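In what follows, a single structure is set out as structure tokens and then discussed.
The values are calculated or read from the model by the stated rules, or taken from the named source; none is laboratory data. In this text, all values refer to a predicted model and were calculated from it rather than measured experimentally. Cβ coordinates were reconstructed from backbone atoms using ideal geometry, including for glycine residues, and neighbour counts include every protein chain displayed. These area figures cover heavy atoms from the full protein model, side chains too; ligands, DNA and RNA do not enter into them. Shrake-Rupley method; radii C 1.70, N 1.55, O 1.52, S 1.80 Å.
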Amino acid sequence: VGELYDKRWPVATALNSYLSTKEKDAETIRREFYRMACSMNVSCADDYVEVSLSGLAENFEAAMRLMLEVLHAPSLSDDAFTGIIEKMCKNMNDAKSNQNSVLNALRSYGEYGKQLVSYSLMELRSHY
């Protein structure tokens with residue numbers, strides 16, 4: 001399961017640092033991870049999604065509880081969500097003027113053809 005399976009994964013993983021729960025806002029969660037000297041990361045590749053927790057071993061259990069709390073009952077404000085989508089659209093527009101990005105896109109198109117799964121700007125704005 002990854003980006004080639006479901007093109008919503010990159011959007012979902014981009015939301016990771018903005019997630020909150022009913023009891024804790026995103027800033028509180030960031031501070032708790034910082035206090036424990038731990039961090040949580042969610043990323044996706046073409047064929048997998050990876051959730052990782054890193055930090056001090058002595059705080060592993062507390063950090064794992066916090067990570068599971070965030071993953072089991074995530075919440076996101078509308079303002080944060082809109083900001084993330086706009087940032088992703090800006091990055092997509094910026095990539096069009098980057099020679100390396102254009103070359104990589106052409107290479108991917110040559111390798112995968114039209115089946116290449118990705119969002120266009122219009123899809124990104126209309127779906128979310």
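Taking residue 14, is it small (Gly, Ala, Ser) and either under 30 Å from residue 92 (Cα atoms) or loosely packed, with under 14 Cβ neighbours inside 10 Å (or both)?
yes
Report whether or not residue 33 is open to solvent by less than 80 Å² (accessible area, probe 1.4 Å), of a type in the set (Phe, Trp, Tyr) and in contact with a strand residue (DSSP E or B) (Cβ under 7 Å, 6 or more places away or on another chain).
Considered against the rule, which asks whether it is open to solvent by less than 80 Å² (accessible area, probe 1.4 Å), of a type in the set (Phe, Trp, Tyr) and in contact with a strand residue (DSSP E or B) (Cβ under 7 Å, 6 or more places away or on another chain), residue 33 comes out as yes.
Can you tell me which residue is nearest to residue 18 (Cα to Cα) among those in the range 55-67 that are of a type outside the set (D, E, K, R) and surrounded by fewer than 12 Cβ atoms within 10 Å (Cβ to Cβ)?
Filtering first and then ranking leaves 56.
List the pairs whose first member sits in the range 87-100 and is of a type in the set (Gly, Ala, Ser), whose second member is surrounded by 11 or more Cβ atoms within 10 Å (Cβ to Cβ), and whose Cβ atoms are under 7 Å apart, counting only residues at least 6 apart or on separate chains?
What qualifies is 95/101.
Of the residues 1, 42, 51, which is open to solvent by 50 Å² or more (accessible area, probe 1.4 Å) and free of Cβ contacts under 8 Å to residues at least 40 places away in the same chain?
51 is the lone residue from the list that is open to solvent by 50 Å² or more (accessible area, probe 1.4 Å) and free of Cβ contacts under 8 Å to residues at least 40 places away in the same chain.
So which residues in the range 101-117 are of a type in the set (Val, Ile, Thr) and free of Cβ contacts under 8 Å to residues at least 24 places away in the same chain?
Scanning the range 101-117 gives a single hit, 102.
What helices (runs of 4 or more DSSP H), lying completely within the range 59-128, carry at least 1 residues that are at pLDDT 80 or above and farther than 23 Å from residue 42 by Cα?
78-95, 99-112
Kindly list, by first and then second residue, each pair from a residue in the range 7-30 that is under 12 Å from residue 76 (Cα atoms) and modelled with pLDDT of 85 or more to a residue that is assigned to a helix (DSSP H, G or I) and open to solvent by 50 Å² or more (accessible area, probe 1.4 Å), limited to pairs with Cβ atoms under 6 Å and residues at least 6 apart or on different chains.
21/69; 26/18
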